[in-house]
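The next block holds one structure in the form of structure tokens; read it before the comments.
The values are calculated or read from the model by the stated rules, or taken from the named source; none is laboratory data. Since the structure is predicted, the reported quantities are computational estimates derived from the model, not experimental observations. Note that each Cβ is placed from the backbone with ideal geometry, even for glycine, and that neighbours are counted across all protein chains shown.
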Amino acid sequence: MADASTTNSMQRLSAPAESLADQVAGSIRQAVYAGTLQPGRLYSAYQMAETLGVSRSPVREALISLAEAGLVEFERNRGFRIILPAARDIAELFHLRLLLEVPATRRVAAHPTDKLVTELREKVAEMDHAAAGHDEALFMRHDQQLHAAILNAAGNSRLVAVVDSLRDKTRLLGASTVDRSRTLHDVCGEHLPIVDAIAAGDPAIAGRAMSRHITHTGKLLVAQALAETSAGASAEVLWSDVLG
């Protein structure tokens, strides 16, 4: 089991505006993205509670929610491990995102509001600013908020929760594509055609732009997952096998 030195860079939590369990879940996610918590290693919930300065109850609640999302697995009476999705899992998750986000984007582009367009352009500007400072965590938050704004505007609040869950599972690998497969500025640039098409009220172009962005991200992550596991399969073949 990992000792306390592996988590001592995680910050202690204070009384929240959101629930402590949500804060704990967020801290665990950020620690994984930063490499403080490593996939496959065994960690203790008691150790996590002490590191974050909270009781064991919100830690248990956070870990249960992360396990339901497929981000951690428990070992009875021992602790928990971080799980990275397999290449096929990633392809399947991005297939779901394509099925959900592309139609939602087309629907929003058919009747865009000035308020939404302003919000989306602000998010792109915030992403660009975060990219300039190479702040991956901040960039990813703005990225997620941009997608959530589009999904919210589609009129189905459950879409946001479902897509957030899909992103949570893949973001463990997603952060590590930066400066390997593409830069933060590259990712930001992929969102511009989406926002421009929504602003222009063009559903067809908006849908295609969203499809290109999600497909590109998914294929990069599938290829990376295959490379990291030394699997000999082709990313293109696996992607086509899942999506048809």
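Hey, does the range 118-125 have a residue that's on the phi < 0 side of the Ramachandran plot, in a helix (DSSP H, G or I), at pLDDT below 95 and among the hydroxyl-bearing types (S, T, Y)? No, every residue in the range 118-125 fails to be on the phi < 0 side of the Ramachandran plot, in a helix (DSSP H, G or I), at pLDDT below 95 and among the hydroxyl-bearing types (S, T, Y). Every condition in (1) within 23 Å of F139 (Cα to Cα); (2) surrounded by fewer than 16 Cβ atoms within 10 Å (Cβ to Cβ); (3) at pLDDT below 80 holds for L13 except the one numbered (2).
Candidates R167, R158: the one that is of a type in the set (D, E, K, R) and under 26 Å from Q224 (Cα atoms) is R167.
Name every residue in the range 195-207 that is part of a helix (DSSP H, G or I) and more than 12 Å from A104 (Cα to Cα), in order of residue number. Within the range 195-207, V195, D196, A197, A199, I205 qualify. Taking the range 74-127, which residues are crowded, with 19+ Cβ neighbours inside 10 Å, under 30 Å from G40 (Cα atoms) and either touching a His at 6+ places or on another chain (Cβ under 8 Å) or among the small types (G, A, S) (or both)? Scanning the range 74-127 gives G79, A87, A91.
Of all residues in the range 65-82, those that are under 17 Å from V24 (Cβ atoms) have Cβ atoms under 6 Å from Cβ atoms of residues that are among the hydroxyl-bearing types (S, T, Y) and part of a loop (DSSP other than H, G, I, E, B), 6 or more apart or on another chain, in G79/S44. Consider L52 against the criteria (1) within 23 Å of V162 (Cα to Cα); (2) crowded, with 21+ Cβ neighbours inside 10 Å: it satisfies all of them except one. Which criterion is unmet? In the conditions (1) within 23 Å of V162 (Cα to Cα); (2) crowded, with 21+ Cβ neighbours inside 10 Å, L52 misses (1) alone. Reported count of residues in the range 61-78, each being part of a strand (DSSP E or B) and either among the hydrophobic types (A, V, I, L, M, F, W, C) or in the same structural domain as A235 (by TED's automatic domain parsing) (or both), is 2.
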